[in-house]
Ligand SMILES: NC(=O)c1ccc[n+]([C@@H]2O[C@H](COP(=O)([O-])OP(=O)(O)OC[C@H]3O[C@@H](n4cnc5c(N)ncnc54)[C@H](O)[C@@H]3O)[C@@H](O)[C@H]2O)c1
C-alpha cells in the first residue's frame, strides 16, 4: 500500500496568529502525520479563510492549487482521500463529516466534541457506516501512559473489582467529552444503562461557539453495574481527581487534587491494606501529553492499513456522547434518562432557546 492521502478541513490560523479559542488543532494533526514519513502524505486542505489555507499548504507541502476555501469543492475536485482531518468548531463537525462520507473518504479523523446535537452525532456515525468511511474522534488522552497504566492496574485487579469511575472538569461537553470517554475506557468500553443529572447555567459560557453549563452533577450506571460520577464547575472539588477509579479493594487517582499530595501526582493508587499511596512513575507523561495526538494518529494509520478502525472509532465516541446529551436531557426533564437515548437535539441549547435557562452574557472586556 502506498502513502495514504490526507486532507484537512479547517487548517486554523497561521501559528503566529493563534488565539485563546483558536488552538489550530490542525497543526497538531499535521505534525503527527508528518512524523509518519512515507506512510501518509498531506495532499489538500480547505479553510474558509484563504490566508489560513495557503499558509497551511505552504507549511506542509500541499500544492497551492489544492488549497481551497470551500471544502465541498475540495471533496468534489480532488481524487478520493484516505483520511480527512476535520479541525473546525463543533457545529461544523456533522455537515463536514457527512460530506466526506458521501465523497467516499476512507476515514475521517474529527476533532472532539462529536457534534452539537445527539441527532447529528448519530447521523454522522450512521452515514459513515453506510458509506464505508471509518469515522474517528480525537479523544487522544487514552493514548497517554498515565491512563494506560491506570487501565492496566484495573485489569490486573490491583484495586479489586471495579465499582465506580469518577471525573471532574470544567464542563461535561467540551472538556467533559474527554472525561466521559476516559471513564468509559477505564471501565472497558461499556455502554451506560441510565443517566441522571442536574446542571446550572447562569452565566453564558461559549466554548468554540458551543453553550457549556457552569456546573453539573452527573450519575450513571454501566451495563456491567459499574457506577459513574461526574462533577463540573464550582462542584468539581466533590471528585478529588481528574479521573478516579474505585474498586472493592482500593482506589486509583489520575491528577489528584489532594492538597496534601506530594508534587501534584499524575497517577497514584492505594489499596485498603496500604498505609500510604503508591506513586506511579508515568515516565514524564502528564494528563495532557506530550505526544498523545502523535500516538493516536500513528495508531489510526496503522489500523487503517490493516483495514480496521482504531479504538477512537465513532462507536466509542457515541457511547460518551450519549452520556453527555442524556445528562443535559435529564436536567431538562427533571428525571432519570433510561438509555438508549432517543432525543435528536441538544437539550442545553433547547433550554436556552425556550427561555428556561437565561444565562447572563459577560460584559465585553
Ligand atoms: N483534542 C483536544 O484536546 C482539543 C484541544 C483544543 C481544541 N479541540 C477541538 O478542536 C476543534 C477546533 O478547535 P481549534 O481551536 O483548532 O479551532 P481554530 O479556530 O484554531 O481553527 C478552526 C478553523 O476552521 C476554519 N473554518 C471555519 N469555518 C469553516 C468552513 N466552513 N470551512 C472550512 N474551514 C472553516 C476557521 O477559519 C479556522 O481556521 C474544536 O472542536 C475544539 O473543541 C480539541
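Derivation of every value follows stated rules applied to the coordinates shown; laboratory data play no part. Note that the structure is predicted; figures quoted are calculated from it, not measured. Cβ: placed from backbone, ideal geometry, glycine included. Neighbour counts: every protein chain shown.
Sorted from greatest to least, the principal axis extents spanned by the alpha carbons of segment 102-246 come out as 47, 42, 28 Å. According to the Cα-based calculation, Rg over Rh for segment 237-349 is 1.07, with Rh computed by the Kirkwood formula.
Compute the relative contact order of the chain as a whole-number percentage, counting only Cα pairs closer than 8 Å that sit 6 or more residues apart in sequence.
Numbers: 803 pairs, mean separation 63.1, N = 365.
Taking the mean separation of contacting Cα pairs over the length of the chain, I get 17 percent.
Largest mean-square fluctuation among 276, 155, 82, in a Gaussian network model of the chain whose springs join Cα atoms under 10 Å apart, belongs to 276. Based on the Cβ-Cβ distance of residue 237 and residue 39, what FRET efficiency does E = 1/(1 + (r/R0)^6) give at R0 = 56 Å, to the nearest 0.05? Here the calculated transfer efficiency is 0.80.
Using square roots of five times the C-alpha gyration tensor eigenvalues, list the equivalent-ellipsoid semi-axes of segment 141-365 in whole Å, biggest first. It would help to have the intermediate numbers written out before the result.
On the way: eigenvalues 169, 88, 69 Å².
Square roots of five times the eigenvalues give 29, 21, 19 Å.
Compared with the rule-of-thumb size 2.2 N^0.38 Å for a compact globular protein, segment 100-184 has a Cα radius of gyration ratio of 1.33. The Cα trace of segment 176-300 gives Rg and Dmax of 16.2, 48 Å, the first to one decimal, the second as a whole number. Sequence-distant contacts, meaning Cα pairs under 8 Å at least 6 residues apart, place the relative contact order of segment 4-140 at 23 percent. Each listed q (0.16 Å⁻¹) maps to a log10 I(q)/I(0) for segment 4-140, found by the Debye formula over equal Cα scatterers with no solvent: -0.74. Computed over the chain with a Gaussian network model linking Cα atoms closer than 10 Å, the most mobile of 275, 77, 305 is 275.
When the chain is treated as a Gaussian network with alpha carbon springs shorter than 10 Å, the biggest mean-square fluctuation among 133, 282, 321 belongs to 282.
State the Kirkwood hydrodynamic radius of segment 47-115 in Å, one decimal place, computed from all pairs of distinct Cα atoms.
Working: mean 1/r = 0.0801 Å⁻¹.
For segment 47-115, inverting the mean 1/r across all distinct Cα pairs yields 12.5 Å.
Every helix of 4 or more DSSP H residues in the chain counts as -39500 (n - 2.57), and over all residues that averages to -10000 deg cm²/dmol at 222 nm.
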